[in-house]
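The values are calculated or read from the model by the stated rules, or taken from the named source; none is laboratory data. What you see is a predicted model, and the numbers here were worked out from it, not measured in a lab. Here the Cβ positions follow ideal geometry from the backbone for every residue, glycine too, while neighbour counts run over all protein chains shown. Protein only, heavy atoms only, side chains kept; ligands, DNA and RNA dropped before computing areas. Shrake-Rupley method; radii C 1.70, N 1.55, O 1.52, S 1.80 Å.
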Amino acid sequence: MDEVERIAARIVERDRGGVRGPFTLELYPTLACNLSCRFCDTTLRHARPVGELPAARMLALVDEAAALGVEQVMVLGGGEPLLAPHTVEVMRRVKAHGLRGMLTTNGTLLGAPTRAALVEMGWDEVHVSIDGARARTHDYLRGNRGAFDRTVKHVCALRAATLAAGRGPRLALHTVLTRENVDELPALVRLAAALGAGAVELDALVAYRPEQAAHALGPSERGRLRARLEEGMAEGARLGVRTTFGRFLDDRSVERGVHAPERGEGKGYAAAPCLKAWHHLAVSADGRVAPCCVLAGEGGSVANRSLAEVWEGDAFLSGVRTSMLAGRPAGRCVECSENLLAHERAIRARLPAGAA
């Protein structure tokens, strides 16, 4: 049974006395960041951290998650997770419980001690944000000269350590689609292959401010997008690199902030536009929860309440579940990524027959 099928079965079994906790816990150790990405939607990345959960509470959350039946933990960031001094310790706790772990990082802080820890603990997957196949493109978008070289150097070293040890995390690249990098998509696939990354995950830009919108695709870039996506998919097939490029052949997929998730056919879970509120819990750096990154920080807090208590009794999460069952996604759901929506559609399609 693959992950999607396990999630689908678990959603239904939840109502029949099965495992009630989330399948995935998404942790944000910090909002701080060491880069200044031009398209970033986080405005506090260079502010002094305020109210972030201490290491002890983060570690306890992992313990509580394991007790609730969580199967995987994603370590992300409103900024760069490796800036938090306790992130590697939290990741060790994840693996001590035998849970699957995924880290998303800009790669600039993947120094030798962190690389050694990832290999030693048996961490499962590292997603590295690279937004151009050329240093000039990546460094411009990331607002930091030399970022590309540091990231590539660290990823190469991590790959070498993995090969030497005969174990270590799988690698994937993550790219935000902008007008500056649209023509570099095929080259990004070749870069992934050279770095030993098995996938390139493309995501559309979501713009809240004019300075972000300045990097959105214009008519000229949109006119070239399909050809670049198809070239990249062909390169992926040739090199054995999986891509999510096919999801963006539809123009709607690159228009985040416009289209609400569509409800499914049938009733109950099968009709819900999104099922994340039943299988996914995101915990922001200050402890506030949400069912996903788009709604991050809108729910109650686990700072002084147990994970189980919040998962079962938080008013915001309960409201999202009620609205989804009624086919009414939250207003901000228009900002959702096509990658997340595709995952939710796959789960919905695998719901057991007769799921209510």
Original post:
For the range 95-213, what relative contact order do you get, as a whole percent, if you take Cα pairs closer than 8 Å and at least 6 residues apart?
Top reply: 27
Original post:
Which residue, chosen from Gly264, Ala308, Cys292, occupies the Cα position most advanced towards the positive end of the dipole of the range 259-356, where the dipole is computed from +1 (Lys, Arg) and -1 (Asp, Glu) charges on Cβ about the Cα centre?
Top reply: Gly264
Subject >> Protection proxy ranking of 66-76, 14-24 - average other beta-carbon atoms within 10 Å, highest first >> reply: 66-76, 14-24
Original post:
Semi-axes of the equivalent ellipsoid of the chain: what are they in whole Å, largest first, if each equals the square root of 5 times a C-alpha gyration tensor eigenvalue?
Top reply: 30, 25, 20
Subject >> Distance between modelled label sites at Asn34 and Arg222, nm, 7 Å Cα→Cβ extension >> reply: 3.9
Original post:
When Rg is the radius of gyration of the Cα atoms in the range 76-223 and Rh is its Kirkwood radius, what does Rg/Rh come to?
Top reply: 0.99
Original post:
On average, how much area does the Cα convex hull of the range 308-356 cover when viewed from any direction, in nm²?
Top reply: 4.5
**OP:** Leaving out ligands and nucleic acids, note down the accessible area per residue over the chain with a 1.4 angstrom probe, in whole Å².
**Re:** 41
**OP:** Note down the relative contact order for the range 261-356 as a percent, whole number, built from C-alpha pairs under 8 angstrom at least six residues apart.
**Re:** 33
**OP:** Taking the Cα centre of the range 116-181 as origin, work out the dipole magnitude from +1 charges on Lys and Arg Cβ and -1 charges on Asp and Glu Cβ, in debye rounded to 20.
**Re:** 240
Original post:
At what distance in nm do the modelled label points of Ala342 and Arg134 sit from each other, each positioned 7 Å from its Cα along Cα→Cβ?
Top reply: 2.7
Subject >> Approximate shape of the range 156-215 as ellipsoid semi-axes (Cα gyration tensor, √5λ), whole Å, largest first >> reply: 30, 12, 8
**OP:** Take peptides 282-292, 150-160, 205-215 and line them up by average Cβ neighbours within 10 Å, highest first, as a rough protection proxy.
**Re:** 282-292, 150-160, 205-215
**OP:** Set the Förster distance to 30 Å, then compute FRET efficiency between Glu309 and Arg252 from the Cβ-Cβ distance, nearest 0.05.
**Re:** 0.20
Subject >> Cα-based Rg / Dmax (Å) for the range 148-285 >> reply: 17.9, 52
Original post:
Can you give the alpha-carbon Rg of the range 273-356 over 2.2 N^0.38 Å, where N counts its residues?
Top reply: 1.10
**OP:** Give the Kirkwood hydrodynamic radius (Å, one decimal) of the range 109-179, defined as one over the mean of 1/r across all pairs of different Cα atoms.
**Re:** 12.8
**OP:** State the three equivalent ellipsoid semi-axes of the range 209-279, derived from the C-alpha gyration tensor as the square roots of 5 times its eigenvalues, in descending order and whole Å.
**Re:** 28, 20, 11
**OP:** Report the label-to-label distance for Arg167 and Arg321 in nanometres (one decimal), using points 7 Å from each Cα along the Cα→Cβ vector.
**Re:** 3.7
Original post:
When averaged across all projection directions, what area in nm² does the alpha-carbon convex hull of the range 1-127 cover?
Top reply: 9.0
**OP:** Please report the Cα spread of the range 199-356 along all three principal axes, rounded to whole Å, starting with the longest.
**Re:** 48, 43, 29
Subject >> Relative contact order (%) - criterion: Cα under 8 Å, at least six apart; region: the chain >> reply: 19
Original post:
Tell me, Kirkwood radius of the range 1-43 from alpha-carbon pair distances, in Å?
Top reply: 13.7
**OP:** Give the carbon-plus-sulfur fraction of the accessible surface of the range 283-356 in %, rounded to a whole number; probe 1.4 Å, heavy atoms of protein chains only.
**Re:** 56
